[in-house]
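First up is the structure itself, then whatever we jot down about it.
The values are calculated or read from the model by the stated rules, or taken from the named source; none is laboratory data. Since the structure is predicted, the reported quantities are computational estimates derived from the model, not experimental observations. All Cβ positions, glycine included, derive from the backbone under ideal geometry; neighbour counts span all protein chains shown. All accessible areas refer to the heavy atoms of the entire protein, side chains included, with ligands and DNA or RNA removed. Shrake-Rupley method; radii C 1.70, N 1.55, O 1.52, S 1.80 Å.
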Amino acid sequence: MAGIWTRRPTVEHLNAIHAGTAVAALGIEIVAVTDDALVGEMPVDARTIQPAGLLHGGASVLLAEPLGSAAAMGCVDADSMAVGMEVNANHLKGVRSGRVRGVATPVRLGRTAQVWDIRITDEAGTLVCVSRLSVMVVPRPRA
């Protein structure tokens, strides 16, 4: 398998599993799976801004976390799952309209833990948020 993936996800599958969730409610879409990254976009509109009219920091985290989590799940075997341990974000620049793009890339893909870097940019490619997600790799519960 090329790149980082143990089980390479598809854009269609990832968007389908987020249907009916907060991710879909905010208009977040997975737009690409590359050999070493997962890419998603989110509109900057009434659903994702704060009262001052800027992109809400929580919305940025809600873009970052599912990108990192979905990517993490694609990097574990079928008997394992990745569960979130910690997410943080540094908000660097305000955005008032358009779309933002998040790109999740691995910092470390360990046997028991993974760390993901998610960089969010505006339509001009300017960095607006840097987020980091840590996940633990655990055995998948048996049904």
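If you go through region 4-34 and keep only what is within 19 Å of VAL115 (Cβ to Cβ) and either loosely packed, with under 13 Cβ neighbours inside 10 Å or among the hydroxyl-bearing types (Ser, Thr, Tyr) (or both), you end up with THR6, THR34. Whenever a residue of region 115-143 is on the phi > 0 side of the Ramachandran plot and of a type in the set (Lys, Arg), it has no partner that is modelled with pLDDT of 95 or more and surrounded by 13 or more Cβ atoms within 10 Å (Cβ to Cβ) lying with C-beta atoms less than 6 angstrom away and at least six residues away or across chains. For region 64-91, taking the residues that are open to solvent by 70 Å² or more (accessible area, probe 1.4 Å) and touching a strand residue (DSSP E or B) at 6+ places or on another chain (Cβ under 6 Å), the one that is farthest from GLY3 (Cα to Cα) is identified as HIS91. Quick check: is even one residue across region 97-106 in contact (Cβ under 8 Å) with a residue 24 or more places away in the chain, of a type in the set (Lys, Arg) and either open to solvent by less than 50 Å² (accessible area, probe 1.4 Å) or under 18 Å from VAL31 (Cβ atoms) (or both)? The answer is yes; a qualifying residue exists. For region 126-140, a residue qualifies if it is under 12 Å from the mean Cα position of the chain (by Cα) and of a type in the set (Lys, Arg), and exactly one does: ARG132. Somewhere in region 113-120, is a residue more than 24 Å from THR6 (Cβ to Cβ), out of contact with any Ser or Thr (no Cβ under 9 Å at 6 or more places or on another chain), part of a strand (DSSP E or B) and not basic (Lys, Arg)? No, region 113-120 contains no residue that is more than 24 Å from THR6 (Cβ to Cβ), out of contact with any Ser or Thr (no Cβ under 9 Å at 6 or more places or on another chain), part of a strand (DSSP E or B) and not basic (Lys, Arg). Summed over region 107-120, the residues that are under 18 Å from GLY58 (Cβ atoms) and open to solvent by less than 40 Å² (accessible area, probe 1.4 Å) give a count of 2.
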